[in-house]
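Let me give you the structure first, and then I'll get to my questions.
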Amino acid sequence: MDYKLSDIAKMIDHSLLHPKMTDNELIEGCKIAIKYDVASVCIKPYYVKETASILNGSGVKTGTTIGFPHGGHSTAIKVIESEQALADGAEELDMVVNIGKVLSLDWDYVFDDIKAVVETGHSSDAIVKVIFENCYLQDDHKIKLCEICGMVGADFVKTSTGYGDGGATIEDLKLMRRYSPPTVQVKAAGGIRTLDQTLEVRMVGVTRIGATRTVDILEECKKRLG
């Protein structure tokens, strides 16, 4: 084995974004994240302050979404949303590109939109991940987005919200790793439900995954490692 339990746990952003999740379910999700010492919790925006309090001192970071799930918010609103999240204690921001603008090839708008959130996040030393929603895009779009994310200094490029028509694919992950500079990491989200899938994406250079099946993945990891 070329990995430890902690290696896999620290790849996981434990996703708590389903619209039907109650406050109690969010609290329980945070407790799971602490128990398994994952990288972060990605929580619904209204619950960031409470999550930051729960996770305080645990080593698990508080993350949330910006412009979720379709990226259609104005840039000004994305910035305000980012500022509020940071004020509430968020340390990681997962923003959605304006998908319609990408498909319209309005690259100046897309550049400025991503740059504004990245600069806002970095002003508070937060990590910013940029969600492409690859299922709606062609390879040329994905490549251009990787280039833009490199230019504006994003921390991660990310495949999906988990709420589009498809999730992470190995082909997309290889493409994103190939066309992103070394300073930009790759996050796989959407459909990563097993340890084998986690190990597969890790082999192509993925350093984070978005997961709802955190317990299943890490319990299987414990089992295999003995």
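Quick check: anything in the stretch 81-89 assigned to a strand (DSSP E or B), in contact with a helix residue (DSSP H, G or I) (Cβ under 8 Å, 6 or more places away or on another chain) and of a type outside the set (S, T, N, Q)? Before you say what the answer is, go through the steps one by one.
Step one: filter the stretch 81-89 for residues assigned to a strand (DSSP E or B), giving none.
Checked against the condition, which is being assigned to a strand (DSSP E or B), in contact with a helix residue (DSSP H, G or I) (Cβ under 8 Å, 6 or more places away or on another chain) and of a type outside the set (S, T, N, Q), the stretch 81-89 yields no hits at all.
Mind checking which residues of the stretch 195-226 are surrounded by fewer than 22 Cβ atoms within 10 Å (Cβ to Cβ), of a type in the set (G, A, S) and either more than 15 Å from D172 (Cβ to Cβ) or in contact with an Asp or Glu (Cβ under 9 Å, 6 or more places away or on another chain) (or both)?
Selection gives G226 alone.
Which condition number does T120 fail, the rest of (1) free of Cβ contacts under 8 Å to residues at least 40 places away in the same chain; (2) open to solvent by 10 Å² or more (accessible area, probe 1.4 Å) being met?
(1)
Moving on to the next point. Mind counting the residues in the stretch 146-156 that are crowded, with 24+ Cβ neighbours inside 10 Å and without any contact (Cβ under 8 Å) to a residue 40 or more places away in the chain? Full working, then the answer.
Step one: filter the stretch 146-156 for residues crowded, with 24+ Cβ neighbours inside 10 Å, giving 149, 154.
Imposing the further condition that a residue be without any contact (Cβ under 8 Å) to a residue 40 or more places away in the chain reduces the set to 149.
The total comes to 1.
If you scan the stretch 157-181, which residues turn out to be open to solvent by 50 Å² or more (accessible area, probe 1.4 Å) and modelled with pLDDT of 95 or more?
T169, E171, K174, R177, R178, Y179
Please indicate, with yes or no, whether at least one residue in the stretch 41-59 is at positive phi, open to solvent by less than 70 Å² (accessible area, probe 1.4 Å) and free of Cβ contacts under 8 Å to residues at least 60 places away in the same chain. Explain how you work it out, then say what you get.
Taking the stretch 41-59 as the starting set, the residues that turn out to be at positive phi are 57, 59.
The next check asks that each one be open to solvent by less than 70 Å² (accessible area, probe 1.4 Å); those that pass are 59.
The next check asks that each one be free of Cβ contacts under 8 Å to residues at least 60 places away in the same chain; those that pass are 59.
Scanning the stretch 41-59 turns up at least one residue that is at positive phi, open to solvent by less than 70 Å² (accessible area, probe 1.4 Å) and free of Cβ contacts under 8 Å to residues at least 60 places away in the same chain.
Residue by residue through the stretch 1-55, note down the ones that are part of a helix (DSSP H, G or I) and of a type in the set (D, E).
Keep residues of the stretch 1-55 that are part of a helix (DSSP H, G or I), which gives 5-9, 23-36, 45-55.
Correct list: D7, D23, E25, E28, E50.
With the structure loaded, tell me whether G59 is of a type outside the set (K, R), outside any helix (DSSP H, G or I), farther than 19 Å from I131 by Cβ and touching an Asp or Glu at 6+ places or on another chain (Cβ under 9 Å) or whether it fails that test.
Working: of a type outside the set (K, R): yes; outside any helix (DSSP H, G or I): yes; farther than 19 Å from I131 by Cβ: yes; touching an Asp or Glu at 6+ places or on another chain (Cβ under 9 Å): yes.
Spelling it out, G59 is indeed of a type outside the set (K, R), outside any helix (DSSP H, G or I), farther than 19 Å from I131 by Cβ and touching an Asp or Glu at 6+ places or on another chain (Cβ under 9 Å).
Ok, one more. Go through the stretch 60-78 and give me each residue that's under 14 Å from G121 (Cβ atoms) and either β-branched (V, I, T) or open to solvent by 10 Å² or more (accessible area, probe 1.4 Å) (or both). Even if it seems obvious, please write down each step before you answer.
Filtering the stretch 60-78 for residues under 14 Å from G121 (Cβ atoms) gives 61-67, 75, 78.
If the condition is that a residue be under 14 Å from G121 (Cβ atoms) and either β-branched (V, I, T) or open to solvent by 10 Å² or more (accessible area, probe 1.4 Å) (or both), then K61, T62, T64, T65, I66, T75 are the ones that fit.
Right, something else. Cβ-Cβ under 6 Å, sequence separation 6+ or interchain: first residue in the stretch 2-31 and under 15 Å from I54 (Cβ atoms), partner in a loop (DSSP other than H, G, I, E, B). Which pairs?
Pairs that qualify, where the first residue is under 15 Å from I54 (Cβ atoms) and the partner is in a loop (DSSP other than H, G, I, E, B), are H14/V38.
Checking the structure you have, find out if any residue of the stretch 93-102 is under 20 Å from L17 (Cβ atoms) and open to solvent by 10 Å² or more (accessible area, probe 1.4 Å). Full working, then the answer.
Step one: list which residues in the stretch 93-102 are under 20 Å from L17 (Cβ atoms), which gives 93-99.
Then keep just the ones that are open to solvent by 10 Å² or more (accessible area, probe 1.4 Å); that gives 98-99.
Looking through the stretch 93-102, at least one residue is under 20 Å from L17 (Cβ atoms) and open to solvent by 10 Å² or more (accessible area, probe 1.4 Å).
Which of the following residues is buried (at least 17 other Cβ atoms within 10 Å of the Cβ) and closer than 23 Å to I34 by Cβ: I192, I131? Explain how you work it out, then say what you get.
On the way: I131 fails: closer than 23 Å to I34 by Cβ.
Going through I192, I131 in turn, just one is buried (at least 17 other Cβ atoms within 10 Å of the Cβ) and closer than 23 Å to I34 by Cβ: I192.
The values are calculated or read from the model by the stated rules, or taken from the named source; none is laboratory data. For clarity, every value in this text was computed on a predicted model and none was experimentally measured. Positions of Cβ are backbone-derived with ideal geometry, glycine not excepted, and every protein chain shown enters the neighbour counts. In case anyone asks, the SASA skips ligands and DNA or RNA and just uses the protein heavy atoms, side chains included. Shrake-Rupley method; radii C 1.70, N 1.55, O 1.52, S 1.80 Å.
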